[in-house]
Amino acid sequence: MNKTHSLALIEIGIITRPHGITGEVKVQTSPGYLRALDGIKRIYLDNSPTGTPVTGHRIHQNAILLRLEGINTRNAAEELRGKSISIKVPELPKLAEGEYYAHQLAGMQVQNAEGKAIGQLIEVLATGSNDVYIIKTTEGKELLLPAIDSVIRKLDIDAGMITVVIPEGLND
């Protein structure tokens, strides 16, 4: 999930199954994108350049239940199973100060408090209690850091830099 491409679309979820008999579908997404459809009028199935109009959505049991124009039966909804849902990046709802979408963080450089390069953030995992940042270190190893205040000391989107304090025992 969370892939972007040249049409400035971002994948926010996958249709997992129909919900009910009236064409509604269940979309599984990472928690950071649960509200991504707020105000969205058109989605893109499997990154199609032609959008599909959204007629409604709601959050249900940590997933999105989605209604699309022209999908009015369970059989029509079943044909959408497994398709990715993307939206235009500029249409993502604005977040509060200090909050970021995972795709904004991927590729950022990571350094320690002394300014020494540690590596690059390659993925953000949503674990429930807190996100986990997967860092590819300068040595080519993977380092998993919890996205908590005691570890992530500074996040500068404009500079593309994250300053961290690695907890003892994690960098052995």
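Listing Leu155, Leu125 from fewest to most neighbouring C-beta atoms within 10 Å gives Leu125, Leu155. Projecting the Cα atoms of Val124, Thr16, Pro93 onto the dipole axis of the chain, where Lys and Arg carry +1 and Asp and Glu carry -1 at the beta carbon, places Thr16 farthest toward the positive end. Listed by chain and number, the lysines placed with their C-alpha closer than 23 angstrom to that of Lys83 are Lys3, Lys26, Lys41; residues fewer than eight positions away on the same chain are left out.
For His57, the amide hydrogen comes within under 5 Å of the amide hydrogens of Arg67, counting only partners 5 or more places away or on other chains and with H modelled in the peptide plane.
Rounded, prolate or oblate: pick one for the range 102-164, where a ≥ b ≥ c are the square roots of the eigenvalues of its C-alpha gyration tensor, a/c under 1.5 means rounded, and failing that, prolate if a/b is larger than b/c, else oblate. Provide the component values of the computation, followed by the final result.
On the way: a/c = 1.38, a/b = 1.23, b/c = 1.12.
Rounded is the answer for the range 102-164, as its axis ratio a/c remains below 1.5.
Charged side chains reduced to their Cβ positions (Lys and Arg at +1, Asp and Glu at -1) give the range 17-172 a dipole of some 700 debye around its Cα centre. Residues whose amide H falls under 5 Å from that of His19, counting only those 5 or more places apart or on a different chain, are Glu24, Val25, Lys26, with hydrogens built in the peptide plane. For the range 88-102, the Karplus equation 6.51 cos²θ - 1.76 cosθ + 1.60, evaluated at θ = phi - 60°, returns couplings of 6, 3, x, 8, 4, x, 5, 9, 5, 3, x, 10, 9, 7, 4 Hz by residue, with Gly and Pro reported as x.
Distances between placed amide hydrogens fall under 5 Å for Tyr101 paired with no residue 5 or more residues away or on another chain.
Applying the criteria of a DSSP loop state and at most 15 other Cβ atoms within 10 Å to the GluC sites (Glu not before Pro) of the range 81-157 yields Glu97, Glu99, Glu114, Glu139.
Readers should treat all values here as calculations from the given coordinates under stated rules, not as data from a laboratory. Just so you know, these numbers come straight off a predicted model, no measurement behind them. Here Cβ is always computed from backbone atoms with ideal geometry, including for glycine, and neighbour counts include all displayed protein chains.
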